[in-house]
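Colleague: Mind looking over this structure? Questions follow.
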Amino acid sequence: MACHPPSSGSYTVVIIPLRTGLCSLDALRFYLWVKRLKGIEQEKDALCSGLEILEKGRLWYLQRLQENKARQDNIDAKTGAGCFHGGAAEARPCLLRHRIQRVNGSLGSVMSEPNVTSCINPSLRDALADGALRWHNTVLSQEVSDKDRRISRLELEKDALGEKLDELQAP
């Protein structure tokens, strides 16, 4: 990665003596210029840090995708697509999926924040806001689909348990 933020978090301050006093307009301009530069440097450091985190996150996501595919292939090979098993084994993936969706939503909202897009034209800002709404809708739709699948699985389990109960009471 090309940029590495300083580990100490400190910045170098350069003081250049001016010909006039501290209350002069030149001194104020210089002070504001240095303050702006410091803010830009801090933003650059935060962005570089974010890029490093995103790169690690990208690798983590790829690894999880590979593990997911391997688990899916393993389940398909062992039981076939028609068998449903729920319970405690599903709790961890459900929690992980929820956290991943929260992270994805947070990233989407960071990219569509008004203060981030304040320097760009209004039509692009509207497009980003629309994208954020679409992303939020996608996340909510995914959660509804997950809940529907869980309800279907629980109904199948209930039916299977009802059949077993009928078999046990039949003799």
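The values are calculated or read from the model by the stated rules, or taken from the named source; none is laboratory data. These numbers were taken from a predicted model, which means no experiment stands behind them. Positions of Cβ are backbone-derived with ideal geometry, glycine not excepted, and every protein chain shown enters the neighbour counts. Heavy atoms of the whole protein, side chains included, go into the accessibility calculation; ligands, DNA and RNA do not. Shrake-Rupley method; radii C 1.70, N 1.55, O 1.52, S 1.80 Å.
Colleague: Give the ranking of V144, V139 by solvent-accessible surface, highest area first, calculated with a 1.4 Å probe.
Modeller: V144, V139
Colleague: Convert each backbone phi in the stretch 137-151 into a coupling constant with the Karplus relation 6.51 cos²θ - 1.76 cosθ + 1.60 (shift: θ = phi - 60°), then list the ³J(HN,Hα) values in order as whole Hz, x for Gly and Pro.
Modeller: Calculated HN-Hα couplings, in order: 4, 4, 4, 5, 4, 5, 5, 5, 4, 4, 5, 4, 4, 5, 4 Hz.
Colleague: Let me ask another. Could you work out how much longer the chain between R97 and S109 gets when fully extended? Use 0.36 nm per residue separation minus the Cα distance between them, nm to one decimal.
Modeller: 2.5 nm
Colleague: Just read off the accessible area of L95 with the full protein assembly in place, 1.4 Å probe, to the nearest 10 Å².
Modeller: 90
Colleague: Could you calculate the FRET efficiency of T79 with D148 from 1/(1 + (r/R0)^6), where r is the beta carbon distance between them and R0 is 25 Å, rounded to 0.05?
Modeller: Efficiency for this residue pair is about 0.70.
Colleague: So, one more: Taking K and R as +1 and D and E as -1, what net charge do the other residues with C-beta under 12 Å from the C-beta of Q42 add up to?
Modeller: Net charge around Q42: +1.
Colleague: Hey, can you grab everything whose amide H is under 5 Å from the amide H of S112? Only 5+ residues off in sequence or another chain; H modelled, so Pro and N-termini drop out.
Modeller: Result for S112 returns nothing.
Colleague: Within straight cross-link reach of K158, meaning Cα distance under 18 Å, which lysines are found once same-chain residues fewer than 8 apart are removed?
Modeller: Result set, ordered by chain and number: K147.
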